[in-house]
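Engineer: Here it is, the structure, as structure tokens.
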Amino acid sequence: MSRYLLFFGCVLLGVFPCKSQDVIVLHKENKLTGRVLWEKSKGDSLFYRSAMSSGDSLLLFVPRRRVEYVLSDGDCRMLYRGKTRGWQPWRGRTFNEVPQHRMLYAASWSTILDGWSIDASAMRMLGHGDRVGVGAFVRYLSTQPTRDSYWDTDPSIDTYDHRAVAFGPQAEIQGYSRRLKTFFYVDFGLGGAYHRFDWSHYSAMLEWLGESTTEKQYPSSRWAYQFNYRLGTCIRLTRGLYADVAFIGIGHIFTKGIPQKYISSDQFPFGFSVGLRFGREQR
């Protein structure tokens, strides 16, 4: 009888090997099953043994950067915590899956020095857990800066109207907090900008000073380069929809010389933006 019990035990272990196996969840790929060798998986690869129909096991490995987490011993989720700590179990109350997006779209309004701007962008998320994205942006900017003048009692003649439309490519790096359900990101964009100036507020002062408004010193329009950077967070509101709050900085680079009365704070404005991001989640 003991021989029969031993035989049936071996059969059950061969037929149901998944009960002792781990589930390796990959970024945007099918899951893998096998018994993970934790002591051997301290480097850049995750080693595991995959059961074969013949009853033997095959030693395999997968690059660690492709692994999101490992479901071990039923419901214990193992995450990589760096070279020092290695693979550690998740200690939080709830485990939130990292949202996966193919495309992300954004619209925001910003308050900057002496003005405001509105932005729109589209981002294509690349591999490695949706941490890197490339795309394009378009921006409309409006400012009315005022120059400080100790001798002028009427500040209205020391201001000008400035409008700009900018567009170009941008790139972004993201990180995700499972506990907060929040993305943290840094993005940078570089493109071209078409500027329009209205110097009519200077007319009376220039006439009084005996100066003339030349196109070189006071151009009505001009092309320039524009760069921008943004440090922000995206808080998940619902599936595929996020509230976007960020610090934004903008810079204008003129290749044909800066207009004579152009204020430096108008060349490199900064401020805060609020908006929305949305995109279809892959799961």
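Engineer: Add +1 for every Lys or Arg and -1 for every Asp or Glu among the other residues with Cβ under 11 Å from the Cβ of Asn228, and state the total.
Structural biologist: 0
Engineer: How do Glu29, Glu68 line up, fewest other C-beta atoms within 10 Å first?
Structural biologist: Numbers: Glu29 13, Glu68 18.
By the 10 Å Cβ count, ascending, the order reads Glu29, Glu68.
Engineer: Would you mind computing, in nm to one decimal, how far apart the modelled labels at Arg65 and Phe188 are, each placed 7 Å from Cα along Cα→Cβ?
Structural biologist: Here the answer is 1.9 nm between the modelled labels.
Engineer: With N residues in the stretch 16-89, what two-decimal value do you get for its Cα radius of gyration over 2.2 N^0.38 Å? Walk me through the intermediate numbers first.
Structural biologist: On the way: Rg = 11.9 Å, N = 74, 2.2 N^0.38 = 11.3 Å.
Its radius of gyration relative to the 2.2 N^0.38 Å reference: 1.05.
Engineer: Percent relative contact order of the stretch 16-89, based on C-alpha pairs within less than 8 angstrom and at least six residues apart?
Structural biologist: Details: 130 pairs, mean separation 20.0, N = 74.
About 27 percent, as a whole number.
Engineer: Thr33's amide H: which non-local residues (gap 5+, or another chain) put their own amide H closer than 5 Å, with H modeled 1.01 Å from N in plane and none for Pro or chain starts?
Structural biologist: Ile24
Where a number appears in this text, it was derived from the coordinates with a stated rule and is not lab data. Keep in mind the model is a prediction, meaning the values are calculated, not measured. A quick note on method: Cβ atoms are made from the backbone with ideal geometry, for glycine too, and the neighbour counts reach across all protein chains shown.
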